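All remarks here apply to the structure that follows.
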Amino acid sequence: MSLKIGCSGFQEARTKYFNEFNLVEIQQSFFQPPPIATVRKWQIQSPRDFEFTIKAWQLITHESTSSSYQNLRENLPAKTLNSCGLFKPTRIVFDAWLRTKALAEALSARVVVFQTAKNFIPTTINIQNMKKFFNQIDRGGLKCVWEPLNRWPLNQIQQLCHELQLSYTGEPTSLNPVSFGPIRYFRLKGKNGFRSRYTENDFEFLQKLDNNGKNCYFIFNNASMLFDARNFSKYFFENKCRTEKNDQSSKI
């Protein structure tokens, strides 16, 4: 089992970040994929045990009416823009996957996160398009994580994840530790809202989620993400060392 802790995007100078954490989730890939040459430099600069995960390009998941398209730097014709998003079986959506996959390969990433828009609701056409997309793409060994921003019935999420070999992610709570599938991937957006901070009690709960032997990722994506990621990393590894020390003492 491998546990990784990090932030959504580099929240400080990369060289300093690499010394503090073993994981980052690349955000730029959602808005506009950075040049391959740029991310290859990041990968070369990173330590051997460092891991990149990336968010899939918004052209796959979000329609062009989304405010996030303000950050799209490519000048696409209106006809093409109308074909974007919601996993539509269109050329631009599948091309966007190829761009996303190429970026993941350049970073030696193993995980791609698909954050679907609030208007991606559980309709028949949306589910059909989602199935067509994930059944047709070449994943190249990549693990795919799904984060729906709209409320879907949990049993429907589980069924789709099982059928399409996806992992489901969200904000974990005591009532709903949201992550299941081939890997456990938690996106921590602030338990009480984006500006809320995580407490030691929250860290104690989060640590208990790391108990099933699967690869486990904790991505902080709230206003105080750098502060909280540092504190959780410190809390986790101090408790791990204390537990290991107590185990050794009990064997003497």
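Observations
- Considering 170, 140, the condition of being surrounded by fewer than 14 Cβ atoms within 10 Å (Cβ to Cβ) and of a type in the set (Gly, Ala, Ser) is satisfied by 140 alone.
- Residue check for residue 50: surrounded by fewer than 23 Cβ atoms within 10 Å (Cβ to Cβ), in contact (Cβ under 8 Å) with a residue 40 or more places away in the chain and either on the phi > 0 side of the Ramachandran plot or of a type in the set (Phe, Trp, Tyr) (or both): no
- Number of positions in the range 1-41 that are without any contact (Cβ under 8 Å) to a residue 24 or more places away in the chain and either of a type in the set (A, V, I, L, M) or assigned to a strand (DSSP E or B) (or both): 2
- Odd one out for residue 44 among (1) touching a Ser or Thr at 6+ places or on another chain (Cβ under 9 Å); (2) in a helix (DSSP H, G or I); (3) under 30 Å from residue 231 (Cα atoms): (1)
- Condition met for residue 97 (closer than 25 Å to residue 158 by Cα and either in a helix (DSSP H, G or I) or under 20 Å from the mean Cα position of the chain (by Cα) (or both)): yes
- For residue 203, the requirement of being assigned to a strand (DSSP E or B), at pLDDT 90 or above and not hydroxyl-bearing (Ser, Thr, Tyr) is not met.
- Being within 13 Å of the chain's Cα centre (by Cα) and modelled with pLDDT of 95 or more is a property that holds for residue 143.
- Within the range 36-45, at least one residue is of a type in the set (Lys, Arg), in contact with a helix residue (DSSP H, G or I) (Cβ under 6 Å, 6 or more places away or on another chain) and over 21 Å from residue 119 (Cα atoms).
- Residues that are farther than 23 Å from residue 88 by Cβ and hydrophobic (A, V, I, L, M, F, W, C) number at least 2 in the following strands (runs of 3 or more DSSP E) confined to the range 127-198: 184-188.
The values are calculated or read from the model by the stated rules, or taken from the named source; none is laboratory data. A quick note: this is a predicted structure, and the numbers were derived from the prediction, not measured. Heads up, the Cβs are rebuilt from the backbone with ideal geometry, glycines too, and the neighbour counts pull from every protein chain shown.
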